[in-house]
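So the structure is just underneath, and the comments pick up after that.
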Amino acid sequence: MTFYLSKAEEYIAPAAVVYMRRTGSYGQDNMVLMQRFKKWLADNALDGEDTVILAMSLDDPLRTEASQCRYDVCTIYPEERPFDPALVEVRELTGGKYVTFLLQHTAYALKTAWQECFAVLPALGYTLDGARPIMERYQKALVADHYCELCMPVL
């Protein structure tokens, strides 16, 4: 049985994103950051029906000291709005070709996806592009139906 419900190939356009970052071992603290980011979105009236949250583990924990692993939670930057740089930062998200896996939005499904995705990708004929981050994508409409996505950059 595969970890995903369906897969699709897509092009994700480059975009400026507003984000919060934490540095440290991946795990429960990432969920705390996600909740803080969701609150920030709500406080800034950015949690509408079209809201998409991206979560990115930027470092390979097998190659990076756990205390140095970076995790970003972000959304597309609404350029018409200034934000407090003490709370969020802005950076460019590199676009490109991705294979997107639809998952159940559960801790178990996400954990399984991260455990299996690196073996499944080449079995499907794709090569991971290690220069771009893998993203968990949370589209509000999908999350409402208990789904999320894992977007893997490919060459």
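The values are calculated or read from the model by the stated rules, or taken from the named source; none is laboratory data. These numbers come from a predicted model, not from an experiment. Counting neighbours? That spans all protein chains shown, and the Cβs are built from the backbone with ideal geometry, glycine included. In case anyone asks, the SASA skips ligands and DNA or RNA and just uses the protein heavy atoms, side chains included. Shrake-Rupley method; radii C 1.70, N 1.55, O 1.52, S 1.80 Å.
Taking 22 Å as R0, compute the FRET efficiency from the Cβ-Cβ separation of K111 and A141 and round it to 0.05.
Once rounded, the FRET efficiency stands at 0.40.
Counting heavy atoms of the protein chains only and a 1.4 Å probe, report the per residue accessible area for region 100-152 as a whole number of Å².
51 Å²
In the chain, what is the count of Lys pairs whose alpha carbons are under 20 Å apart, counting only pairs at least 8 residues apart or on separate chains?
5
Multiplying the sequence separation of E80 and L46 by 0.36 nm and subtracting their Cα-Cα distance, what value in nm do you get?
11.0 nm
With the Cα gyration tensor of region 80-119 giving a ≥ b ≥ c as the square roots of its eigenvalues, does the rule (a/c under 1.5 for rounded; else a/b larger than b/c for prolate; else oblate) give rounded, prolate or oblate?
Working: a/c = 3.13, a/b = 1.95, b/c = 1.61.
Because a/c hits 1.5 or more and a/b exceeds b/c, region 80-119 counts as prolate.
With a Förster radius of 30 Å, plug the Cβ-Cβ distance of D60 and K39 into 1/(1 + (r/R0)^6) and report the FRET value to the nearest 0.05.
For D60 and K39, the calculated efficiency is 0.55.
Using 0.36 nm per residue of separation minus the Cα-Cα distance, give me the extension gain between D129 and T23 in nm, one decimal.
On the way: separation 106, 0.36 × 106 = 38.16 nm, distance 2.27 nm.
Result: 35.9 nm gained on full extension.
Take the solvent-accessible surface of the protein heavy atoms, probe 1.4 Å, and return the percent of it on the chain that carbon and sulfur atoms account for.
Here it works out to 54 percent.
Per q in 0.12 Å⁻¹, report the Debye log10 I(q)/I(0) for region 18-155, using one uniform scatterer on each alpha carbon and no solvent.
Results for region 18-155 at q = 0.12 Å⁻¹ read -0.49.
Using a basic spin-label model with each label point 7 Å from the Cα along Cα→Cβ, how many nm lie between T94 and M31?
3.2 nm
Nearest 10 degrees, 0 to 90: what angle lies between the long axis of helix 28-43 and the longest principal axis of the chain (Cα atoms)?
Once rounded, one gets 40 degrees.
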